[in-house]
């Protein structure tokens, strides 16, 4: 370093700049190589099944022998030949259901309706009482009394049928009507003969 001259400013020492160290270069790791997995071998397609061989044609039957019957179609019921037992499950009749034995037919179908007995007898008694009354009422007094029995029975049975057998309305209603007509005919017969005898007795008494 030199001495400064008079009148000059002393120069500051110029320190030397320290050296900047070089930055280390980053090392990039190499990319790992992809490991390919072991793939199983592709399955081979199955071989096509071989078609069944055609059956051999049956030999021609010799003279005097009966050829065997052809095999039945698939699903057809097999009819056993005479004297041979049917094979198990081939065309066998299934067993009947439980309770379908003797007497099972009696419980099938609609139950039978009961016969309207009272209404039917009332109808018959009404018809007989009305038709027979024309032959009985001509008997003095007694015929009229006898005429009251059958029509009265028709009326009583008609009311019983009306109560117990309402579905047979035509029968018991007809029996009631004919019974009342028969009763009226018997009462008229009694009154007629009573009036007739009374008038005859009065006439003979006057003479």
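Table for the structure above
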quantity: Residue tally, condition over 9 Å from residue 161 (Cα atoms) and in contact with a helix residue (DSSP H, G or I) (Cβ under 6 Å, 6 or more places away or on another chain), over region 110-126; calculated: 4
quantity: Any hit, region 134-142, residues being modelled with pLDDT under 95, in contact with a helix residue (DSSP H, G or I) (Cβ under 8 Å, 6 or more places away or on another chain), within 28 Å of residue 193 (Cα to Cα) and buried (at least 16 other Cβ atoms within 10 Å of the Cβ); calculated: yes
quantity: Residue within region 170-182 that is closer than 26 Å to residue 117 by Cβ, surrounded by 12 or more Cβ atoms within 10 Å (Cβ to Cβ), free of Cβ contacts under 8 Å to residues at least 40 places away in the same chain and out of contact with any strand residue (DSSP E or B) (no Cβ under 9 Å at 6 or more places or on another chain) present; calculated: yes
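Here is a yes/no grid of residues against (1) surrounded by 12 or more Cβ atoms within 10 Å (Cβ to Cβ); (2) modelled with pLDDT of 90 or more; (3) over 25 Å from residue 140 (Cα atoms):
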{"position": "162", "(1), (2), (3)": "yes, yes, yes"}
{"position": "165", "(1), (2), (3)": "yes, yes, yes"}
{"position": "190", "(1), (2), (3)": "yes, yes, no"}
{"position": "205", "(1), (2), (3)": "no, no, no"}
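The values are calculated or read from the model by the stated rules, or taken from the named source; none is laboratory data. Since the model is a prediction, treat every value here as computed from it, not as a measurement. Cβ atoms come from the backbone with ideal geometry, glycine included; neighbour counts cover every protein chain shown.
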